[in-house]
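Visitor: First the structure, which I've put down as C-alpha cells, then a few questions once you've had a look.
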Amino acid sequence: MRVYKGVKDRYQFTHKMNYIIQAQNLVKKYGHFEAVKGIDFNIPKASCFGFLGPNGAGKTTTMSMLYCFVRVTSGSLSIAGLTPPSDEREIKKILGIVPQDNNLDPDLSVFENLVVYARYYGLSLKQSKNKIEELLDFFELGEKRNVRIPQLSGGMKRRLVLARALLHDPKIIILDEPTTGLDPQARHLIWERLESLKKTGKTFVLTTHYMDEAERLCDELVLMDQGKILEQNTPHKLIEKHIGKETIEIIIDNQKVDSILDHLSPFKFTWEKTSARLFIYTHEGHKILEKLIQLNNFEFLHRRSSLEDVFLKLTGRELRE
Amino acid sequence: MITSRFLRVWQRNFVVWTKYYLSTLIGAIGEPLIFLWALGYGMGRYIVHIDGMSYLEFMAPGLWITACMNASSLECTFNTFTRLSTQKTYDAIIATPISPAEIAAGDVLFGATRSFITGNLVLAIYFLFGLIHHWSALFIPFIGFVVGLFFGSLGLCMTALARSYDFFTYYFILVLTPALMLTGVFFPVSNLPQPLRDIVSWVPLTQMVSITRDIFLNRWQWSSVGYIIYTLAFSLLLFLVAAKLMHRRLIK
Ligand SMILES: Nc1ncnc2c1ncn2[C@@H]1O[C@H](COP(=O)(O)OP(=O)(O)O)[C@@H](O)[C@H]1O
Ligand SMILES: [Mg+2]
C-alpha cells in the first residue's frame, strides 16, 4: 500500500511540475570508471530535449539509464512518475527507443521486423497491421516492405528503427544519434518527420553531436562532456550567453595574434585561437569589422554565431575518440 | 518474473527458422543416418550382440537422443550467441517490456522445439528402416523435448558466459562428445569402471538414453517417470542459472 502511495504522490508531483523525466545526481559507473558523474536534468512534457556532447561524453550511457538498459549506480531517476528498476516494465511500455546502433533483425524483411517487434509489446498482427501500414507510409518505406535488412541503405534502416520505436504509440521517444552517418537527404527527411511528430504532443529526448540538428529540433539542450553537464539552456540563449551574436574568424599566423588583439582592445569581445585562426566572439561585430577593414591586413569571415562555436568553446578543440 | 511474453521470443525464433529449416534439418537428420550406417551396418558386423540386442538395435535409441541433443545444443549456443552478440537482437528486445529471463525462456523453449521436430523426423526414418516395432515409440518424441530443455538450458549457460564462438567448439568437444561416450549411447554403462559408473548414473543423459532404449524395446517401467521428472527438475535449475547469467550479460 505504501509503495503504491509513494508512486502516486510522485506522479502528481511530476505532473504538477509538468516534467515528464526528472534526474537528480545521476551516476553511472562501469567497474571503477565513472561514465556519468552526477548529473541533474528535468525534461518538460511534450518538448524536445537534447543532449549534446562529443564522443565519450556519456550521452548513450544516460539514454541507456532512461530505458533501463544499464542500471543506475546512484542518484534518482523518475520517468512519468515511475522509477527504475522496480517499474522497469511499465517504463518500457511508454518509451520508444531508437538506439545508437540499428539492431534490426537481419533475417527478416522490413514488414516482418515491424510485425515481430509489435508482438514484443503484446500487439498481435491484427492489432498492429494498420499502425504498421501507417508507419511504412509515414517513413516512405512502403516499397521496401518485403526487402531484407542487409539490402537497405543506411537512411532506410534508420527510418525503419524509427518506425519500430513508434509501433506501440509511446509517450516518450528516445533517440540516440538519430542521423549520424546519413547523407543530407536522409537527415532532412528524418528531421521533417520528427518535427511533425513533435506536434502530436510526444516528448523527445535526443542525443547528437550535430549542431544543426540540435538547433533545429531541440527546445532545450544540455551540453555534456566527460560525464558532466556543462550547461543547460535553449539553443538561442546558449549562444547569446557564451559567444555573443556574432563570430569573426580571422585567418592569421600565430605571431601576429598579439598585435591584432592590441588593435581590438577598445572593443568588448572574447577570443580563442587555433593554429591558423583567431576566433572573435562579440555583440559589437560592426565596430570590430570596421577596424579590421581599416587595418586591411587580414583575411576574415564574419558570420552569425552558431551552437558549434559554443560547443567547441566549452568542450575544447582537441580530438575525441 | 516470467510472463507469457516469452512466447513472443519463441515465435520470433520460429519465424526466422522457417526461412532456414531445410538446411538445419538436413544436418540434424544426416548425422544420425551416417552413424547408423557406419556403426550399425559397418562395424556392427564385428559385434555380435549387446545385452541380447543386435548392435544396430542397441545404438539406434542413443543416436536418436544424440540428434535431439545436438538440435537444441546448436540452437542455444551458436544461434543464441549470434542473436546476443553479433546481431544484437536481444538488445532490441529488452528495450521492450520483455525481460532477459523471458528471452532465456523463449530460447530454451525454441531449442526444445527443434529437438522435438528433429526427434520426430529421425523417428520417422527409423520407422522406414524397420527399427521400430512397438506403439510405445509414440512417447519417444516427448523425451526428445525433455532432452531439448536440458541441453538448451545448459547451452544457454555456456552462451551467457561465452566471449566468442570458439568457446562452443570447446563445449562440444570437451563436454558433449565425452558425455555421449560415457552415457551408454555407444556401449553399455555397465562396462565403465565402478566410480565412474556411479557418477554417470546421476547424469540425466544416461537416464534418458536408457529410458529411450527401454521404450524402443517396449520394456519401460513406471520408474522411468521418476527419471523424467528428475531431468526436468535438473533442467529447471540450469535454466534459472542461465536466466540469471543472461540478465547479467544483457543489463550492465
Ligand atoms: N559497457 C561499458 N563498459 C565500460 N565502459 C563503457 C561502457 N559503455 C560506455 N563506456 C565508456 O563510458 C564513456 C561514455 O560512453 P557513452 O555513454 O557511449 O558516450 P557517448 O554516447 O556520449 O559517446 C566512454 O568513455 C565509454 O568508453
Ligand atoms: Mg553514444
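The values are calculated or read from the model by the stated rules, or taken from the named source; none is laboratory data. Values in this document were obtained by computation on a predicted structure and should not be read as measured data. Every residue, glycine as well, gets a Cβ built from its backbone with ideal geometry; the counts of neighbours run over all protein chains shown. Surface accessibility is based on the protein's heavy atoms, side chains included, excluding ligands, DNA and RNA. Shrake-Rupley method; radii C 1.70, N 1.55, O 1.52, S 1.80 Å.
Visitor: When you take every Cα atom in the range A:79-204, what is the radius of gyration, and what is Dmax, the widest Cα pair distance, in Å?
Guide: Considering the range A:79-204 through its Cα atoms, Rg and Dmax are 14.3, 42 Å.
Visitor: In whole Å and largest first, what semi-axes does the C-alpha gyration tensor of the range B:6-250 yield when each eigenvalue is scaled by 5 and square-rooted?
Guide: On the way: eigenvalues 203, 71, 55 Å².
Listed largest to smallest, the semi-axes of the range B:6-250 are 32, 19, 17 Å.
Visitor: Can you give me the three principal axis dimensions of the range A:36-134 from its C-alpha atoms, in Å, biggest first?
Guide: Principal-axis extents of the range A:36-134 (Cα, largest first): 44, 30, 25 Å.
Visitor: Ignoring ligands and nucleic acids, what accessible area does B:Val175 show with a 1.4 Å probe (Å², nearest 10)?
Guide: 70 Å²
Visitor: Next up: At the nearest 100 Å², what buried accessible area, both sides summed, do you get for A and B when the probe is 1.4 Å? Mind dumping the intermediate values first?
Guide: Details: alone 16580 and 12660 Å², together 26790 Å².
Buried area (both sides, nearest 100 Å²): 2500 Å².
Visitor: Any idea what angle helix B:100-128 forms with the longest principal axis of chain B, computed on alpha-carbon atoms, 0 to 90 degrees, nearest 10?
Guide: Taking Cα atoms only, the helix is inclined about 30 degrees.
Visitor: Carbon and sulfur atoms: what percent of the 1.4 Å accessible area of chain B do they account for?
Guide: Here it works out to 71 percent.
Visitor: Measuring from a point 7 Å past the Cα of B:Trp37 along Cα-to-C-beta, which residues in the range B:91-128 have an amide N at less than 20 Å?
Guide: From the range B:91-128, the list is B:119, B:121-128.
Visitor: So what is Rg over Rh here for the range B:1-67, counting just Cα atoms and using Kirkwood for Rh?
Guide: On the way: Rg = 18.5 Å, Rh = 14.6 Å.
Radius of gyration relative to Kirkwood radius: 1.26.
Visitor: Quick one, what does Rg over Rh come out to for the protein assembly as shown if you take C-alpha atoms and the Kirkwood Rh?
Guide: We get a ratio of 1.13 for the protein assembly as shown.
Visitor: Give me the compactness ratio for the range A:16-234, meaning the Cα radius of gyration over 2.2 N^0.38 Å.
Guide: Dividing the Cα radius of gyration by 2.2 N^0.38 Å gives 1.00.
Visitor: What is the calculated FRET efficiency for A:Leu314 to B:Arg248, with r their C-beta to C-beta distance and R₀ = 30 Å, to the nearest 0.05? Could the numbers behind the result be given before it?
Guide: Working: r = 37 Å, r/R0 = 1.24.
For R0 = 30 Å, the calculated efficiency reads 0.20.
Visitor: Roughly how many Å² is the accessible area per residue of the range B:131-242, as a whole number, for a 1.4 Å probe? Before the final figure, lay out each step's value.
Guide: Values: 5680 Å² over 112 residues.
Solvent-accessible surface per residue comes out at 51 Å².
Visitor: Relative contact order, percent, of the range A:244-304 when contacts are C-alpha pairs under 8 Å separated by at least 6 residues?
Guide: 51 percent.
Visitor: Where in the range A:117-131 does accessible area fall by at least 50 Å² between the isolated chain and the complete protein assembly, at a 1.4 Å probe radius?
Guide: A:Arg119, A:Tyr120
Visitor: Could I ask something else about it? Using 0.36 nm per residue of separation minus the Cα-Cα distance, give me the extension gain between A:Lys126 and A:Ala46 in nm, one decimal.
Guide: Gain on extension, A:Lys126 to A:Ala46, equals 25.8 nm.
Visitor: Considering only protein heavy atoms, what per residue accessible area in square angstrom results for chain A with a 1.4 angstrom probe?
Guide: Numbers: 15330 Å² over 321 residues.
Result: 48 Å² of accessible area for each residue.
Visitor: Tell me, what is the 1.4 Å probe accessible area of A:Lys228, in Å² to the nearest 10?
Guide: The accessible area of A:Lys228 comes to roughly 110 Å².
Visitor: Of the heavy-atom accessible surface of the range A:199-256 (probe 1.4 angstrom), what whole percent is carbon and sulfur?
Guide: 47 percent
Visitor: Still on this structure, I have one more. Which residue, B:Leu84, B:Val48, B:Phe139, has the largest displacement toward the positive end of the dipole of chain B when charges sit on each Cβ (Lys, Arg +1; Asp, Glu -1)?
Guide: In chain B, that residue is B:Leu84.
Visitor: Quick check on the range B:130-228: what does the Kirkwood estimate of hydrodynamic radius come out to from the alpha carbon pairs, in Å?
Guide: Value: 15.0 Å, from the Cα pair sum.
Visitor: Next up: Whole number please: convex hull volume per residue of the Cα set in the range A:247-321, in Å³?
Guide: 93 Å³
Visitor: I'd like the FRET efficiency for B:Phe142 and A:Gln100, computed as 1/(1 + (r/R0)^6) with the beta carbon distance as r and R0 of 60 Å, rounded to 0.05. Before the final figure, lay out the partial values.
Guide: Details: r = 45 Å, r/R0 = 0.75.
E between B:Phe142 and A:Gln100, to the nearest 0.05, is 0.85.
Visitor: Under a point-charge model restricted to the Cβ atoms of Lys and Arg (+1) and Asp and Glu (-1), what is the dipole moment magnitude of the range A:16-234 relative to its Cα centre, in debye to the nearest 20?
Guide: Result for the range A:16-234 is approximately 620 debye, rounded to the nearest 20.
Visitor: Under a 1.4 angstrom probe, counting protein chains only, how are A:His209, A:His32, B:His133 ranked by accessible area, largest first?
Guide: A:His32, B:His133, A:His209
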